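Notes follow the structure.
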Amino acid sequence: MIEIKDVSKLFKTKSGDVQAVDNVSIQVDKGEIFGVIGYSGAGKSTLIRLLNGLETVSSGDIRIGDDYINALSGRALRQKRQKVSMIFQHFNLLWSRTVEQNISFPLEIAGVNRRERKKRVKELIDLVGLTGREKAYPSQLSGGQKQRVGIARALSNEPEVLLCDEATSALDPETTDEVLDLLLDIREKLGLTIVLITHEMYVIRKICDRAAVMENGRVVEIGEIKQLFRNPQSSVTKRFVKDDIDDEETNVSFEALREQFPNAELVKLSFVGSKSKTPIVSKIIKKYDVDMNIIAGSIKHTNKESFGHLHVTIDTSPSVLEAITKDLAAENVKLEVETHG
Amino acid sequence: MDKLREDFLEMISFENVQWDRVWEETVATLYMTGYATLFTFILGLIVGIILFLSGRSDGRFIRVIYLVTAFLVNLFRAVPFIILIILLIPFTSEIMGTIMGVKGALPALILSSAPFYARLVEIALKEIDKGVIEAAQSMGANIWHIIFKVLIPESLPALISGITVTAIMLVGATAIAGVIGAGGLGTLAYMVGHTRGQPDVTLVATIAILIIVFIIQIVGDLTSKAVDKR
């Protein structure tokens, strides 16, 4: 659906040249939610603006559907933009227009007639759950509601691709979840392809199928989410994953634990993309008739799998522990012994 | 001291005031201000939008447009109004057919206030959130969509307060033009009130101008507030 090939973007400024995007190649499939994560200044903002021609490439090709964006200009580019729409961190609604007039705006640009506009706007308001707020002005809405208007507006011309520019970065965690769920929902209903940029691993983990990690204009790592979590290669990715999984870092004091459980093994269970929804821990306890004590842990869920760690003590013999290790490995859970009792 | 008291009493006696003449000149002032404001609004808006749009681009040709426009705007703003009237006499008589009366005053009024308003328009447009313009571009808006659906509506409160300030300035300018024969309340105050020694006429003309200014200010403030949904 989207093919970014050897794309670079060089900004010439008075204080010198800035290589915002450096030889980036990415392919995004139809219906996929693709994330680009990076710290600020990594070039992700520029990259997403290259996709709808708000910035022009210095070199390389960008194909969306059948069109090369870098080959389009003027009218053809403007028409293509109706099918590659965008939502923004600060929503960028027109304060002078009501909710329904804002959603109607792209339709007016596309030259859709009044009756059709009205019908479409009503459908979209229902889709994003803003029924009853049609006549409100943006200043009367909460952040989450504003982003819903932004999404409805972006969907009004039935785009093939939705670009999300830090769409949840200005929202609180709860509202972020609402907006992300809405994005999953519309992907499901409308089958559109979504490219989002963010600096929050949480967003990537929650809704993306695949992601690219950017640093200094380059893509340093790209792959499925489970792969990024399971086996992060670059130091940036490791940092993002670590920040996400260990955000309530489990500082287990091994000394104190050993005193408390003198005969137990202290082990760490690493959930690196477990698909199973089965209660693994209780299964092990029942199967081997062992005592297991959860010390600390943090498990995060993506839209498909679980990631994280559990620190537990197991009071058992080495041979049983080996059997347990095998069983867990079958469920994609890695068992590591941290201390011997 | 007695002389001053006598003058003051004469001033508030209103014995020299011909009220139908006052009304006539008030209407003339309103005409001049009204037409001048209308054309200033249109011309200033166009020039202001050109300044704003060309100032944003870094293309060489567009840069030249910006510099030429900015130069003309600064030039006309720098020339004092009273001198501009004199400089424009040949131009005025050519296109208006006269240099006297309401018609004769309009070219100078418009050409002095439109550049001022153009700068106010430019400032108003610069206050628009860049993200909103970018959003419109991302939807495939062309330049006309951006001007009529984004720039003007999103800066409307500032455009209205700007034209209010400009209109009030124009009321003052019509009075100056009145001194050299444009008609209106300025002519009344100077030609009748001053030269014939009838201070009561001057006072009445002043009050009439004040009332016009207050009305413009109030209407402008209310309108600007009414369209502001931020």
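Before moving on, here are some points about what is shown:
- Chains A and B together bury roughly 2000 Å² of accessible area, counting both sides, with a 1.4 Å probe on protein heavy atoms only.
- Residues of segment A:213-234 with amide N under 14 Å of the 7 Å Cα→Cβ point at A:H301: none
- Label zone at B:R196 (point 7 Å along Cα-to-Cβ), backbone N below 19 Å, segment B:1-24: B:7-24
- Between A:E331 and A:D177, the FRET efficiency estimated from the beta carbon spacing at R0 = 22 angstrom works out to 0.20.
- A probe of 1.4 angstrom, applied to the heavy atoms of all protein chains, finds B:H194 with accessible area near 120 square angstrom.
- The residues of segment B:77-148 present an accessible area of 46 Å² per residue when probed at 1.4 Å with all protein chains retained.
- Counting only DSSP H runs of at least 4 residues, each contributing -39500 (n - 2.57), and dividing by the residue count of the protein assembly as shown, the helix-based mean residue ellipticity at 222 nm comes to -17000 deg cm²/dmol.
- Virtual spin-label span in nm between A:T13 and A:K287, 7 Å along Cα→Cβ: 5.7
- With a 10 Å cut-off around each Cβ of A:86-99, the average count of Cβ atoms from other chains is 5.
- Restricting the calculation to alpha carbons of segment B:1-98 gives Rg and Dmax of 22.3, 71 angstrom.
- DSSP bridge analysis restricted to the protein assembly as shown gives an antiparallel fraction near 70%, rounded to the nearest 5.
- Shown for segment A:276-341: the carbon plus sulfur share of the solvent-accessible area, taken with all protein chains present and a 1.4 angstrom probe, equals 54%.
- Among B:G55, B:G183, B:G140: highest mean-square fluctuation, GNM of chain B, C-alpha pairs under 10 Å: B:G140
- Segment A:1-152: radius of gyration and largest Cα-Cα distance (Dmax), Å: 17.7, 52
- Residues B:S161, B:S112, A:S73, sorted by accessible area with the largest first, give A:S73, B:S161, B:S112 [1.4 Å probe; ligands and nucleic acids excluded].
- With the whole protein complex present, A:I324 retains an accessible surface near 0 Å², based on a 1.4 Å probe.
- Packing, as the average of other Cβ atoms within 10 Å across residues, places the peptides A:35-41, A:149-155 in the order A:149-155, A:35-41, highest first.
- For the set B:F116, A:F271, B:F41, the ranking by accessible area, highest first and with no ligand, DNA or RNA atoms included, is B:F41, B:F116, A:F271 under a 1.4 Å probe.
- Global geometry of segment A:71-159, whether rounded, prolate or oblate, following the gyration tensor of its Cα atoms and the 1.5 cut on a/c: prolate
- At 0.890 mPa s and 25 °C, Stokes D of chain A from Kirkwood alpha-carbon radius, µm² per second: 109
- The value of relative contact order for chain A, using C-alpha pairs under 8 Å at least six residues apart, is 17 percent.
- Heavy-atom accessible surface of chain B: percent carbon and sulfur, 1.4 Å: 70
- Taking each residue as 0.36 nm, the span from A:E259 to A:A170 lengthens on full extension beyond its C-alpha to C-alpha distance by 27.4 nm.
- Over segment B:2-227: Kirkwood hydrodynamic radius from C-alpha pairwise inverse distances, Å: 19.4
- Size descriptor for the protein assembly as shown, Kirkwood hydrodynamic radius: 29.3 Å (Cα pairs only, one decimal).
- Förster radius 35 Å - calculated FRET efficiency between B:L75 and B:L222 (Cβ-Cβ, nearest 0.05): 0.50
- Relative contact order (percent, whole number), chain B, Cα cutoff 8 Å, 6+ residue spacing: 29
- Of all DSSP beta bridges in chain A, antiparallel share, percent nearest 5: 70
- The residues of segment A:27-55 occluded by other protein chains by 50 Å² or more of accessible area, set against the chain on its own, are A:L54; surface from heavy atoms, 1.4 Å probe.
- Anisotropy class of segment A:159-198 from Cα gyration tensor, a/c 1.5 cut: oblate
- Remark on segment B:116-147: accessible area falls by at least 50 square angstrom from chain-alone to full-complex state for B:E134, B:S138, B:M139, B:G140, probe 1.4 angstrom.
- Cβ-derived FRET efficiency at R0 51 Å, B:L67 paired with A:S234, nearest 0.05: 0.60
- Cα gyration tensor category, rounded, prolate or oblate, for segment A:146-214 with a/c compared to 1.5: oblate
The values are calculated or read from the model by the stated rules, or taken from the named source; none is laboratory data. The structure presented is a predicted model; accordingly, all values stated were derived computationally and were not measured. Neighbour counts run over all protein chains shown; Cβ positions are idealised from the backbone, glycine included. These accessible areas exclude ligands, DNA and RNA; they are computed on the full protein's heavy atoms, side chains included. Shrake-Rupley method; radii C 1.70, N 1.55, O 1.52, S 1.80 Å.
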